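Trainee: This is the structure I want to talk about, given as structure tokens.
The values are calculated or read from the model by the stated rules, or taken from the named source; none is laboratory data. Just so it is clear, the structure is predicted and the values come from calculations on it, not from any experiment. So basically every Cβ, Gly included, is an ideal-geometry build from the backbone, and we count neighbours across all protein chains shown. Calculation scope for accessible area: heavy atoms of the full protein, side chains included, ligands and nucleic acids excluded. Shrake-Rupley method; radii C 1.70, N 1.55, O 1.52, S 1.80 Å.
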Amino acid sequence: MRIVRIALNGFRNYEWETVELAPGTNVISGQNAQGKTNLLESVYMLSTGRSFRTRFDKELVGFGFSSAEILADVISHEREQTINIALRPGQTKKISVNGVKKTASELSETVNTVLFCPDDLNLIKEGAAVRRRLMDNAISQIRPRYAGYLAEFNRLYEHKTRILKDWHEKPSLLETLDEFSDGMCRASAQLIRYRAAFAARLGKAAGPIHGEFSGEGERLELSYKTVSTVKDPFASAKEIYYDVCEHQERHRQAELEAQQCLTGAHKDDLEIFINGTAARSFASQGQTRTAALSLKLAEREIFLAETGEYPILLLDDVLSELDSRRQEFVLNRIGGGQTLITCCEDEGISSRTGGRVLFIEKGRIKQR
Ligand code: ATP
Ligand code: MG
């Protein structure tokens, strides 16, 4: 799938601008604060109906404008389609595809994006929650049943946490504790199965990408970590359930004392190793960026295998901190579908990429 052209009217700092995008790589260059990320944000909106930077649509409407509009011609599932998103503060946003009204979540039937923004560097260096979110988001998109298990797990987790917090004041709450624990073990077993399979697939795809990206110098490996009593996360849900129950029984007393859930898939992690050492503790800035980007590119391969089309890849500010050979990889060797890459430095980019170079200044876009 790809964007053929996109028109922005009163969106962020774009008063009225239209741009045609190349099928492959598009490098979007310009000084700070000219509208590079705003353009990526508008493309992201075409796939989700919302921004990755704000929950408030009114922030997207240009200063002094009463409404904003994004209009795009895209090719998806081998046909040309037109997407329109109209934002007017105080009203619900209007979304349509080929003139037919759609909800925000239905947009993913037409356009998918994989976004890499500077916040994604947290994937490597921060706590396990961000890596669980990566797994949860990706698996939910390709396996709708997983989203159901996850919602069920979160509901049970919240309820059980409340019981454990309040049982001192209200001992009768303990009557239902074991029921919730059992439900959580069941839901955990499902999440663990899906996550183990996804982690293996992601690792398999990310390894070669990272190897090429870093110049074959580095080995990237992923290791899925879950409840310690689970002997084989690829086993049947029933077997995993028994293993999780064993952990639960052993920790029942400790949970009452700690007043929090100590057993379940909410503590899972996806450990990342570069050349055998934990990236979280030892990776350099360039390695962190390379590894995070390799994971995103791997996610894109999984998407391709599942849907038959590459999602549109949006890379915001990835080039800084990369040495010239790693930059060259980003500029020329990602291949496959359509890619939009923003970067600040203008010097020499045009001669270093085979893709289309666009230059943005104060919300105006020029093709170089
Ligand atoms: P950088 O290289 O620093 O990341 P950028 O080109 O990515 O810069 P953007 O984040 O796209 O910059 O933002 C460009 C400008 O858009 C900023 O100066 C910002 O103030 C402006 N801007 C943001 N929201 C709006 C809005 N609703 N109306 C008008 N201008 C806005
Ligand atoms: Mg930016």
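Trainee: Sort out which residues of the stretch 1-16 are within 13 Å of ligand 1 (Cβ to nearest atom) and open to solvent by less than 20 Å² (accessible area, probe 1.4 Å), and write them in order of number.
Mentor: Within the stretch 1-16, Leu8, Gly10, Phe11, Tyr14 qualify.
Trainee: Please tell me if Arg186 is farther than 23 Å from Ser236 by Cβ and of a type outside the set (S, T, N, Q).
Mentor: Spelling it out, it is not the case that Arg186 is farther than 23 Å from Ser236 by Cβ and of a type outside the set (S, T, N, Q).
Trainee: Filter the stretch 311-368 down to the residues that are among the aromatic types (Phe, Trp, Tyr) and under 25 Å from Phe11 (Cβ atoms) and list them by number.
Mentor: Phe359
Trainee: Additional query: Here is a check on your reading of the model: is Ile83 in a strand (DSSP E or B), surrounded by 15 or more Cβ atoms within 10 Å (Cβ to Cβ), away from ligand 2 (no atom under 16 Å from the Cβ) and under 20 Å from the mean Cα position of the chain (by Cα)?
Mentor: no
Trainee: All but one of (1) within 27 Å of Leu297 (Cα to Cα); (2) open to solvent by 40 Å² or more (accessible area, probe 1.4 Å); (3) among the basic types (Lys, Arg) hold for Lys93; state the number of the condition that does not hold.
Mentor: Status for Lys93: all satisfied but (1).
Trainee: Hey, Ser42 hits all of (1) of a type outside the set (A, V, I, L, M, F, W, C); (2) touching a Leu at 6+ places or on another chain (Cβ under 6 Å); (3) farther than 16 Å from Ile312 by Cβ but one; which does it fall short on?
Mentor: Against the list (1) of a type outside the set (A, V, I, L, M, F, W, C); (2) touching a Leu at 6+ places or on another chain (Cβ under 6 Å); (3) farther than 16 Å from Ile312 by Cβ, Ser42 comes up short only on (3).
Trainee: Given the conditions (1) more than 16 Å from ligand 2 (Cβ to nearest atom); (2) more than 15 Å from the chain's Cα centre (by Cα), report the number of the one that Thr48 does not fulfil.
Mentor: Answer for Thr48: the failing condition is (2).
Trainee: Have a look at Gln327, Gln367, Gln338, Gln259 and point out the one that is in contact with a Lys or Arg (Cβ under 8 Å, 6 or more places away or on another chain) and within 30 Å of Ile163 (Cβ to Cβ).
Mentor: Working: Gln327 fails: within 30 Å of Ile163 (Cβ to Cβ); Gln367 fails: within 30 Å of Ile163 (Cβ to Cβ); Gln338 fails: within 30 Å of Ile163 (Cβ to Cβ).
It is Gln259.
Trainee: Report, by residue number, each residue of the stretch 62-80 that is open to solvent by 10 Å² or more (accessible area, probe 1.4 Å) and either closer than 19 Å to Tyr310 by Cβ or near ligand 1 (Cβ under 9 Å from one of its atoms) (or both).
Mentor: Phe63, Gly64, Phe65, Asp73, Ile75, His77, Glu78, Arg79, Glu80
Trainee: With the structure loaded, tell me whether Lys94 is within 14 Å of ligand 1 (Cβ to nearest atom) and basic (Lys, Arg) or whether it fails that test.
Mentor: Judged against the criteria, Lys94 is not a match.
Residue-by-condition table, conditions (1) on the phi > 0 side of the Ramachandran plot; (2) in contact with a strand residue (DSSP E or B) (Cβ under 6 Å, 6 or more places away or on another chain); (3) of a type in the set (Phe, Trp, Tyr):
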residue	(1), (2), (3)
Ser324	no, no, no
Val330	no, no, no
Thr339	no, yes, no
Thr342	no, yes, no
Gly355	no, yes, no
Lys362	yes, no, no
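Trainee: Tally up the residues in the stretch 25-51 that are more than 13 Å from ligand 1 (Cβ to nearest atom), open to solvent by less than 30 Å² (accessible area, probe 1.4 Å) and assigned to a loop (DSSP other than H, G, I, E, B), please.
Mentor: Number of matching residues: 1.
Trainee: Quick one: is Gly308 more than 17 Å from Leu115 (Cβ to Cβ) and away from ligand 2 (no atom under 16 Å from the Cβ)?
Mentor: yes
Trainee: Next question, about the same structure. Would you be able to tell me the number of residues in the stretch 52-61 that are in a loop (DSSP other than H, G, I, E, B), open to solvent by 70 Å² or more (accessible area, probe 1.4 Å) and within 16 Å of ligand 2 (Cβ to nearest atom)?
Mentor: Looking only at that region, the number is 1.
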